[in-house]
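In what follows, a structure is listed as structure tokens, so that the remarks can point back to it.
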Amino acid sequence: MPKVWIDDESIIRDFLQKQAVGVLGLAGNGVPYCIPVNFVYHADLNRIYLHSSNTGQKMEVIAENPDVTFLVYEVEKLVTADQPCNFAMRYLSVVVRGQARVLEDPNKKAEVLTMLARKYSNKPGALPTVTPLQADAVAVIEISIDQIHCKRNVDP
């Protein structure tokens, strides 16, 4: 089960831009908390953005401790064998460590929400932009990336 560390920024960027779901890892009161989220990756700014309700556990934990981990992965295939201990999973994963903050600027929130909507829409060009007034209804979280690691488990 050889693992290959990938440092090619174009592979990491393309992978993050095409994936639909990431797992946000937080820790509040010494208790880990992980939740799947939709996200958009802005490579030029080295940021990940996600949206959230304005209240709830995620928002409380970020206010207490902005240190986050963000995981995105894709299972490529399961390798079976005659012996259970020889099974293996082929995958690509990206793990980000960074700082989360809640955006306050309604114009920036609207810009990010428009990017999110267009990422997930089957008709991105047909969608109107989100207005700052609409953006006030939700929270937008920005993760500034401190570290990023990409790994692939490949066939020998």
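The values are calculated or read from the model by the stated rules, or taken from the named source; none is laboratory data. Treat the numbers as computed from the prediction; the structure is a model and nothing was measured. As a convention, Cβ positions derive from the backbone with ideal geometry for all residues, glycine included, and neighbour counts pool all protein chains shown.
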Against the condition among the β-branched types (Val, Ile, Thr), closer than 30 Å to Lys3 by Cβ and at pLDDT 95 or above, how does Val95 come out, does it pass? yes
From the option list Leu127, Leu92, single residue qualifying as over 30 Å from Gly30 (Cα atoms) and hydrophobic (A, V, I, L, M, F, W, C) is Leu127
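Yes or no, residue by residue, for (1) among the β-branched types (Val, Ile, Thr); (2) in a strand (DSSP E or B):
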{"site": "Asn107", "(1), (2)": "no, no"}
{"site": "Thr114", "(1), (2)": "yes, no"}
{"site": "Gly125", "(1), (2)": "no, no"}
{"site": "Thr129", "(1), (2)": "yes, no"}
{"site": "Gln134", "(1), (2)": "no, no"}
{"site": "Ala137", "(1), (2)": "no, no"}
{"site": "Glu142", "(1), (2)": "no, yes"}
{"site": "Gln147", "(1), (2)": "no, yes"}
{"site": "Cys150", "(1), (2)": "no, yes"}
Note: among Asp8, Asp67, just one is among the acidic types (Asp, Glu) and farther than 16 Å from Glu142 by Cβ, namely Asp8
Selection from segment 116-148 of residues touching a residue at least 12 places away in the same chain (Cβ under 8 Å) and in contact with a Pro (Cβ under 7 Å, 6 or more places away or on another chain) yields Pro132, Ala135, Asp136
Within segment 88-116, restricting to residues that are among the hydroxyl-bearing types (Ser, Thr, Tyr) and surrounded by fewer than 18 Cβ atoms within 10 Å (Cβ to Cβ), the one that is farthest from Glu60 (Cα to Cα) is Tyr91
- [ ] Kindly check whether there is at least one residue in segment 83-94 that is touching a residue at least 12 places away in the same chain (Cβ under 8 Å), among the β-branched types (Val, Ile, Thr) and touching a Cys at 6+ places or on another chain (Cβ under 8 Å).
- [x] yes
